[in-house]
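Read-outs: derived from the displayed coordinates by stated rules, not from any lab. The structure displayed is predicted, hence computed values, not measured ones. Neighbour counts are summed over all protein chains in view; Cβ atoms, including those assigned to glycine, are modelled from backbone coordinates with ideal geometry.
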Amino acid sequence: MKFKPPVKFENEKKLFTTLRMYYSATTVKHILRPCNDESIPEADGYADCRSGCGETMKIWLKLTDDRICQTGFWTDGCAATVACGSMATELAKGKSVTEALSIDADEIADALADLPEGNFHCAELTAQTLRAALKDCLVISREPWKKLYRK
Ligand code: FES
């Protein structure tokens, strides 16, 4: 797992302490230093989904030899959603599309070492988006010409 270089948050210690009141240390790490928080040009799979609370998750996937070699995500969601996007995109790396289809909200929440119950829908939003991006990979692999019409 490759975390981003430290971003200077004002009062980072205080922020960490405040976040730790709600989230596990692993979740806070992914909130403050998310992995893969970037879009991927010419991705082999892409999807965006919206949660019931109005937050959006976008996921990009790139394949090499049928394995997920690069992942990216973007969200305008809450801190927990950032952590879920970061963790889910890490979990998907190195897997085949079929293998990654088994990643669900429980696996994302477990990997974050105890996501609060009130944030479980953030993991569900992320799992749903990941699944849609993986299905998009399958469409693109069957009909590669469709990639040309992507923005
Ligand atoms: S997606 Fe609704 S609070 Fe995180």
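What the Kirkwood sum gives for the chain is a hydrodynamic radius of 15.5 Å, with every pair of different alpha carbons counted. Ordering 29, 58 by the number of other Cβ atoms within 10 Å of each residue's own Cβ, fewest first, gives 58, 29. Under a model in which nothing but the beta-carbon of Lys, Arg (+1) and Asp, Glu (-1) is charged, the chain shows a dipole of about 520 debye around its Cα centre. The packing ranking of peptides 94-102, 126-134, 12-20, highest mean first, is 126-134, 94-102, 12-20, where packing means the average number of other beta carbon atoms within 10 angstrom of each residue.
Near residue 95, once Lys and Arg are set to +1 and Asp and Glu to -1 for all other residues with Cβ below 14 Å from its Cβ, the sum equals -3.
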